[in-house]
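Asker: Have a look at this one before I ask anything.
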Amino acid sequence: MNSMNKKEIQLILKELRIEPNNKLGQNFLFDRNIVSKIILKSQISEDDVVLEIGSGLGALTEELIKFSNKLYAYEIDFKLFQYLTKKFSKNKNLILFNEDVLKADIPTHDIVISNIPYSITGAILEKVFYNENPPRGTLLIEDSIAERLFNKNEYKTFSRITVSFNAFMQPLKKYKISRFTFFPTPKIDLALITVKPRDDISQFLLSDAKRKFFLKFVAGIMPYKNKNLVNAISLFLKNEVLGDYSKSDIYNGINNINLAEKKIAKYKVDEIVALSESIFDLIHK
Ligand code: SAH
């Protein structure tokens, strides 16, 4: 597949009797320039342990194994997994898993480099990055999601994924990528993004229970981003049945950090982390 093009991909899929599965986000990359760009922007060192999610027909895998001494690659589709196993049988630095990456116990890695299945982007970001020691990343994702990760200060894009992601990660660069470099052509616009872990992840997010609470808190208040903060938190606590707190209880709980007045969308990511900590303390009093 060295000079991969659209025809060749179609041919391989036909031979394997694979109908690209939309639910599994099967859009295969066939433009070698994009593959090169992904490699270039990743700045892989030989010692980097690399993770690839959804290897497909191996367009990216094929290059990744040239640049890293160790690559973990996940592919949920058994036919594709078999194809990859055969194709890369000589590459001892590649460890392939025929598993759902969301359920997998992924070995430690330094960088995740993938054209991911777009339909599960949020879940993949959570699994890979919302941890105490996240890896670097170069990912092809849906452009509208990339916008939310990168535009932290814009009302329109400020959302659950903006807050969760930016609490752990620092977005670096974003490049638009044409959807016509994939087969089948996706129905969405795409972006290549590079990201790295923050070196100042809040202490609060370093314990499993607190991190879990933070993610639940963000998911719970962000649907109310137009509401006043105390109202949004009150709704969150009610919806999650976390206890019966009056608005003044909540106000007092967060008063120490002087944050109670604005609408949610006006807060900074780190302020929301601090708020989640105050509410965590309030309900664990
Ligand atoms: N990286 C390849 C394929 C991208 S398509 C390329 O760029 O050409 C996305 C791939 O992810 C598909 O092969 C699909 O089967 C796989 N996939 C979808 N859901 C997955 C999951 N939960 N775990 C692992 N792989 C998954």
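Asker: Mind checking which residues of the stretch 31-67 are hydroxyl-bearing (Ser, Thr, Tyr) and more than 18 Å from ILE116 (Cβ to Cβ)? Show your work before the answer.
Answerer: Of the residues in the stretch 31-67, the ones hydroxyl-bearing (Ser, Thr, Tyr) are 36, 42, 45, 55, 61.
SER36, SER45, listed by residue number.
Asker: A follow-up question, please. Can you tell me which residue in the stretch 109-133 is surrounded by the fewest Cβ atoms within 10 Å (Cβ to Cβ), limited to those that are within 11 Å of the ligand (Cβ to nearest atom) and in a strand (DSSP E or B)?
Answerer: SER114
Asker: Just the residues that are in contact with a helix residue (DSSP H, G or I) (Cβ under 6 Å, 6 or more places away or on another chain) and either within 16 Å of the ligand (Cβ to nearest atom) or farther than 30 Å from ALA274 by Cα (or both), please, taken from the stretch 178-214.
Answerer: THR181, PHE183, THR185, PRO186, ASP189, LEU190, ALA191, ILE193
Asker: Do we find a residue being away from the ligand (no atom under 12 Å from the Cβ), closer than 21 Å to GLU63 by Cα and out of contact with any Pro (no Cβ under 6 Å at 6 or more places or on another chain) anywhere in the stretch 23-34?
Answerer: Step one: filter the stretch 23-34 for residues away from the ligand (no atom under 12 Å from the Cβ), giving 33.
Now restrict to residues that are closer than 21 Å to GLU63 by Cα: 33.
Filter once more, keeping what is out of contact with any Pro (no Cβ under 6 Å at 6 or more places or on another chain): 33.
Within the stretch 23-34 (the criterion being away from the ligand (no atom under 12 Å from the Cβ), closer than 21 Å to GLU63 by Cα and out of contact with any Pro (no Cβ under 6 Å at 6 or more places or on another chain)), the answer is yes, since at least one residue qualifies.
Asker: Which members of the stretch 74-108 meet the condition of being surrounded by 14 or more Cβ atoms within 10 Å (Cβ to Cβ), more than 12 Å from the ligand (Cβ to nearest atom) and assigned to a helix (DSSP H, G or I)?
Answerer: Of everything in the stretch 74-108, those that are surrounded by 14 or more Cβ atoms within 10 Å (Cβ to Cβ), more than 12 Å from the ligand (Cβ to nearest atom) and assigned to a helix (DSSP H, G or I) turn out to be GLN82, LYS87.
Asker: With the checklist (1) free of Cβ contacts under 8 Å to residues at least 12 places away in the same chain; (2) assigned by TED's automatic domain parsing to the domain that holds LYS37 in hand, flag the one item ILE193 doesn't pass.
Answerer: (1)
Asker: Counting just the residues of the stretch 36-61 that are buried (at least 20 other Cβ atoms within 10 Å of the Cβ) and in a helix (DSSP H, G or I), which one comes out farthest from the chain's Cα centre (by Cα)?
Answerer: Of everything passing the filter in the stretch 36-61, THR61 is farthest from the chain's Cα centre (by Cα).
The values are calculated or read from the model by the stated rules, or taken from the named source; none is laboratory data. Just so we're clear, the structure is a prediction, and the values are computed from it rather than from any experiment. Every residue, glycine as well, gets a Cβ built from its backbone with ideal geometry; the counts of neighbours run over all protein chains shown.
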